[in-house]
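S.K.: Can you keep this structure in mind? I'll have questions shortly.
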Amino acid sequence: MEMVLTPINKKENFAPEVMQDFSKEMEQAPLIKQKAERKASPFIVANTDEIELLNLKEDCIIPVFTKDNEITISHQGFIDSALKVTQKLFSKEQIETPEIRVSHQIKGRTPESLHIPAKELREHQRTMYYERMAFIIRIPSITKTIGGNELSLVIGGVRAYNLENLYNKKTYEKFKFFIGFQNMVCCNLCVSTDGFQNEIRTMGLLDLEVKMEEVIRTYNAERHLQEMEDLTNRSLTETQFAQIIGKSRLFHYLPKKEKSEIPELLLNDGHINTVAKDYYNDESFSRNDDGSISLWKFYNLLTGSNKSSYVDTFLDRGVNAFCFAKGVSNALSDSNSNYAWFLS
């Protein structure tokens, strides 16, 4: 199924007659700059730093596979390819410049500076690259309002060299890629399973572009939006919320056999502590006066806590958070649901 969405200012109307057909070849869309207020609230925090695409291209070396000295696909190559695919498929939309976050800087030095003390190295004698990188490309002309929050279509990916064996010969390289929505109130990402490819294996950029385009075309935006809308219609009582928090902490210590019978929860104790704190304190998604909380707010507390995840686990946990919120929703009306354990 091809993904189809409406243009801007038709936020509540996703009727077929106004949907855009992205199967046709189109000219590339120009990029627009991100708004300053969005940079103040990044989509991931953890130990990451913001970086511009130009800095990646000009300031960072590109790692190689050491046994044959074959070059890896660079972070900037990944981003450029994603931009190319996005501009092709969304040529009539507004597309923002990529928001890029990096972590785990790997430092080095040029051969001629081998015997120079580190504190005496000059800038041109230093080399570096970032082991992990995440980026998003926001499409602000495609939006939807859910629970009073504006969501914007977003495309992005993760590359982590620590998941590659760079000490061997060149082989298939691995990338994470997604299409979903970003909640513009908090900049949390909303990603579903059908909009996420956990591991794209490829030997080159052309093949990578083909596989990214396939993910975008098969993404069912209508279903994803409806599933998020459904979360606004169900709520947890204060007791049910407290039960979920307690069971979520117990989950990771269950005996192996019991744990295998319960749906996986990738968020750890640190994330759950953040959810508990924000239940009381979050400006946008805290509890109601009677202690209840909608599952839409609960889901956003989960994705908000996920901002503290490392780059290489960030998307997997984000998708898991959505599955968890939907599972809890089902368990509220079906005591036989596998997720009912978290409410029992």
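S.K.: Springs between alpha-carbon pairs under 10 angstrom, Gaussian network model over the chain: which of Glu150, Glu120, Glu70 fluctuates most?
M.R.: Glu120
S.K.: With the cut-off at 1.5 for a/c, could you classify segment 36-116 from its C-alpha gyration tensor as rounded, prolate or oblate?
M.R.: oblate
S.K.: Now for a separate question. Sort segment 218-344 into rounded, prolate or oblate with this rule: let a ≥ b ≥ c be the square roots of the eigenvalues of the Cα gyration tensor; rounded if a/c is under 1.5, and if a/c is not under 1.5, prolate when a/b is larger than b/c, oblate otherwise.
M.R.: rounded
S.K.: Report, by chain and number, residues whose modeled amide H sits under 5 Å from the one on Ile32, excluding near sequence neighbours (fewer than 5 apart, same chain).
M.R.: Ile95, Glu96, Thr97
S.K.: Same structure, new question: Once amide H atoms are placed 1.01 Å from N in the peptide plane, what residues at a sequence separation of 5 or more from Cys186, or on another chain, have their amide H within under 5 Å of its amide H?
M.R.: The list, which skips near neighbours in sequence, is empty: none.
S.K.: What does the convex hull of the Cα atoms come to per residue for segment 123-227, in Å³?
M.R.: 148 Å³
S.K.: Considering only lysines 8 or more places apart in sequence, or on different chains, count the pairs in segment 34-151 whose C-alpha atoms sit under 25 Å apart.
M.R.: For segment 34-151, qualifying lysine pairs total 19.
S.K.: Specify the residue with the greatest mean-square fluctuation among Tyr130, Tyr279, Tyr172, computed from a Gaussian network of the chain linking alpha-carbon atoms under 10 Å apart.
M.R.: Judging by the Gaussian network model, the answer is Tyr172.
S.K.: Whole-Hz ³J(HN,Hα) for each residue in segment 169-185, computed from phi via Karplus 6.51 cos²θ - 1.76 cosθ + 1.60 with θ = phi - 60°, x for glycine and proline: what do you get?
M.R.: 7, 4, 8, 4, 9, 10, 9, 9, 9, 8, 9, x, 10, 10, 6, 6, 6
S.K.: Something else: Hey, in the GNM for the chain with a 10 angstrom Cα cutoff, which one of Leu151, Leu89, Leu163 fluctuates hardest?
M.R.: Answer for the Gaussian network model of the chain: Leu163.
S.K.: Assuming 0.36 nm per residue, please report the length gained on full extension of the stretch Glu238 to Gln125 beyond their Cα-Cα distance.
M.R.: 34.8 nm
S.K.: Quick one: Karplus J couplings for segment 118-126, per residue in order, coefficients 6.51, -1.76, 1.60, θ = phi - 60°, nearest Hz, x for Gly and Pro?
M.R.: Residue by residue, segment 118-126 yields 4, 5, 9, 5, 8, 4, 6, 9, 9 Hz.
No value in this document is a laboratory result; all are computed from the given coordinates. These numbers were taken from a predicted model, which means no experiment stands behind them.
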